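Below is one structure; the comments refer to it alone.
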Amino acid sequence: MKKIILSLTLFCSVLISCNSVKTASSQKAALQGAWELNFISGPRIAFSGLYPDNKPTITFNLKETSVSGKNSCNSYAGKLNVDGSKISFKEPMMVTKMFCPGEGENVYMNTLQKIDSYSVSEDGKTLNFIMGDIVMMRFEKK
């Protein structure tokens, strides 16, 4: 009887761990592609005032483990650092140096460096960048 209970416990543990690995990999797979920013937390300037002409974008290439996009004015690119729901943009990125009026570019890049996790909605259309437990940026799939 003890062997049966031990075997069932071990079997259930294996099933649970396989499911959590599958969930983490499917969440990471949901990042693939291009996203457009529609919300950013922090600045005292309205979103449309920060980005009057072009909204920032971010594109994930899981095959090449890279990230790229436009911060509303300049282009940026770097290495993708993802582990489960944890994500980091702390490594230096390549950024073009065109003159950009306003604060939008700096707000975007500074906020991006503070992000430590992410979530993708069940329908795969919304990406949230999170610092601690606060959503700092929200993107929609392009």
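The values are calculated or read from the model by the stated rules, or taken from the named source; none is laboratory data. In this text the structure is predicted, and so the values were computed from the model without any measurement. Counting neighbours? That spans all protein chains shown, and the Cβs are built from the backbone with ideal geometry, glycine included. In case anyone asks, the SASA skips ligands and DNA or RNA and just uses the protein heavy atoms, side chains included. Shrake-Rupley method; radii C 1.70, N 1.55, O 1.52, S 1.80 Å.
Tallying residues that are more than 12 Å from Cys73 (Cβ to Cβ) and open to solvent by 40 Å² or more (accessible area, probe 1.4 Å) within segment 44-58 yields 6. So, Asn19, is that one at pLDDT 95 or above and either surrounded by fewer than 16 Cβ atoms within 10 Å (Cβ to Cβ) or under 16 Å from Phe139 (Cβ atoms) (or both) or not? For Asn19, the condition - at pLDDT 95 or above and either surrounded by fewer than 16 Cβ atoms within 10 Å (Cβ to Cβ) or under 16 Å from Phe139 (Cβ atoms) (or both) - is not met. Given the conditions (1) touching a Gly at 6+ places or on another chain (Cβ under 7 Å); (2) under 22 Å from Lys28 (Cα atoms), and given that Leu80 satisfies all but one, which numbered condition is not satisfied? If we test Leu80 against (1) touching a Gly at 6+ places or on another chain (Cβ under 7 Å); (2) under 22 Å from Lys28 (Cα atoms), just (1) comes out false.
Quick one: is Ser13 modelled with pLDDT under 85, more than 19 Å from Thr126 (Cβ to Cβ) and exposed (fewer than 13 other Cβ atoms within 10 Å of the Cβ)? Yes, satisfied. Can you say whether Lys86 is loosely packed, with under 14 Cβ neighbours inside 10 Å, within 20 Å of Glu140 (Cα to Cα), modelled with pLDDT of 90 or more and not hydrophobic (A, V, I, L, M, F, W, C), as far as the supplied structure shows? Considered against the rule, which asks whether it is loosely packed, with under 14 Cβ neighbours inside 10 Å, within 20 Å of Glu140 (Cα to Cα), modelled with pLDDT of 90 or more and not hydrophobic (A, V, I, L, M, F, W, C), Lys86 comes out as yes.
Selection of segment 96-118 for residues being under 19 Å from the mean Cα position of the chain (by Cα) and either among the hydrophobic types (A, V, I, L, M, F, W, C) or open to solvent by 60 Å² or more (accessible area, probe 1.4 Å) (or both) yields Asn106, Val107, Met109, Asn110, Leu112, Gln113, Lys114, Ile115.
When the residues of segment 119-142 are narrowed to those that are of a type in the set (Val, Ile, Thr) and farther than 15 Å from Gly42 by Cα, which ends up surrounded by the fewest Cβ atoms within 10 Å (Cβ to Cβ)? Steps first, answer last, please.
Kept after step one, since they are of a type in the set (Val, Ile, Thr), are these residues of segment 119-142: 120, 126, 130, 134-135.
Adding the requirement that they be farther than 15 Å from Gly42 by Cα leaves 120, 126.
Values: Val120: 20, Thr126: 16.
Top of the filtered list is Thr126.
The lone criterion from (1) under 18 Å from Val135 (Cα atoms); (2) of a type outside the set (A, V, I, L, M); (3) assigned to a loop (DSSP other than H, G, I, E, B); (4) at pLDDT 95 or above left unmet by Pro43 is number (4).
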